[in-house]
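K.L.:
Below is the structure I would like to discuss, written out as C-alpha cells.
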Amino acid sequence: MDNRTFALRALMVAVLLPFGAHAQYHSSISFQNGSGEDAVVKLVGPSARATPVPQNQTRSESGIAPGRYYLVVRYGDNEKNYSYTKGDPFAVEESGDQYSEISITLYKVPNGNYPTRPARKEDFDKGLASMPPRQQNGRGDQV
C-alpha cells in the first residue's frame, strides 16, 4: 500500500469514526399535560432535558439514552404562584431493536400514572444548572 492510499484510508476512518462512535437512541418519552396549568418538565438522568408543556397539550422527547430517570415539574405561568413536584425513579431501556416508549400524564392529584410528591424550587433549579445549555430548551435558555 502506498503512502497516498494509507493517508486516504486514515482520513476516511478519522472522518467516519465520530459518526459511528455516538449511539443513536430510539427511546422516547411523551408528556401529556392534564394539570390545568402550563408546566415545565425536567427530565433528570443520562439524557437530561427541560421541556415546556402547555396545559392540555402533549410534548415528546426522543433520542433518550438508557438509564434511570426521574422528573421534576414546575406548574404555573407566574413565578409567584409556581408549584413543584418530584416523581419516583423509572428506567428507560434499550437493547437491539427493542426500546422504551414512555407516556406520562401530568396531573396535580395523587394516584396518577406516575407517583409524585411535593418538591421545592431548589429541587427544580438544581438540575437545570448542571444541564448543558443546548438541552435546557430549544432556544438554549433556562426555562
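K.L.:
Taking only pairs six or more apart or across chains, which ones have beta-carbon atoms under 6 Å, a first residue in the stretch 42-54 that is touching a residue at least 12 places away in the same chain (Cβ under 8 Å) and surrounded by fewer than 19 Cβ atoms within 10 Å (Cβ to Cβ), and a second residue that is assigned to a strand (DSSP E or B) and among the small types (Gly, Ala, Ser)?
P.N.:
Pro46/Gly67
K.L.:
So in the stretch 23-55, with the set limited to residues that are small (Gly, Ala, Ser) and part of a loop (DSSP other than H, G, I, E, B), which one is farthest from Asp123 (Cα to Cα)? Spell out how you get there, then give the answer.
P.N.:
Looking only at the stretch 23-55, we keep the residues that are small (Gly, Ala, Ser), and these are 23, 27-28, 30, 34-36, 39, 45, 47-48, 50.
Of the ones still in play, those that are also part of a loop (DSSP other than H, G, I, E, B) are 23, 34-36, 45, 47-48.
Working: Ala23: 30, Gly34: 22, Ser35: 20, Gly36: 22, Gly45: 14, Ser47: 18, Ala48: 14 Å.
Ranking the qualifying residues of the stretch 23-55, first place goes to Ala23.
K.L.:
Continuing with this model, one more query. Pull up the stretch 56-85, narrow it to residues that are among the charged types (D, E, K, R) and in a strand (DSSP E or B), then point me to the one that is nearest to Glu101 (Cα to Cα).
P.N.:
Glu61
K.L.:
On to the next question. So the check is Cβ under 8 Å with 6+ separation or different chains; which pairs have a first residue in the stretch 57-69 that's on the phi > 0 side of the Ramachandran plot and touching a residue at least 12 places away in the same chain (Cβ under 8 Å) and a second one that's part of a strand (DSSP E or B) and loosely packed, with under 14 Cβ neighbours inside 10 Å?
P.N.:
Correct list of pairs: Gly67/Ala91.
K.L.:
Moving on. State which residue is surrounded by the fewest Cβ atoms within 10 Å (Cβ to Cβ) when the search covers only the stretch 75-93 and only residues that are modelled with pLDDT under 95 and acidic (Asp, Glu).
P.N.:
So the residue we want is Glu79.
K.L.:
Another question, if that's okay. Give the residues of the stretch 86-101 that are more than 13 Å from Tyr25 (Cβ to Cβ) and outside any loop (DSSP other than H, G, I, E, B), sorted by residue number.
P.N.:
Within the stretch 86-101, the subset more than 13 Å from Tyr25 (Cβ to Cβ) is 86-91.
Lys86, Gly87, Phe90, Ala91 - these are the residues of the stretch 86-101 that are more than 13 Å from Tyr25 (Cβ to Cβ) and outside any loop (DSSP other than H, G, I, E, B).
K.L.:
What pairs come out if I take residues in the stretch 108-119 that are under 15 Å from Asn33 (Cα atoms) and pair them with residues that are modelled with pLDDT of 70 or more and of a type in the set (Phe, Trp, Tyr) whose C-beta lies under 8 Å away, six or more apart or interchain?
P.N.:
From residues that are under 15 Å from Asn33 (Cα atoms), the pairs are Lys108/Tyr75; Tyr114/Phe90.
K.L.:
Looking at Val109, Val72, can you tell me which residue is closer than 24 Å to Ser27 by Cβ, β-branched (Val, Ile, Thr) and either surrounded by 13 or more Cβ atoms within 10 Å (Cβ to Cβ) or modelled with pLDDT under 95 (or both)? Step through it out loud before you land on a result.
P.N.:
Values: Val109 fails: closer than 24 Å to Ser27 by Cβ.
From the options Val109, Val72, the qualifying one is Val72.
The values are calculated or read from the model by the stated rules, or taken from the named source; none is laboratory data. Every value quoted in this text rests on a predicted model; they were computed, and no experiment measured them. Neighbour counts are summed over all protein chains in view; Cβ atoms, including those assigned to glycine, are modelled from backbone coordinates with ideal geometry.
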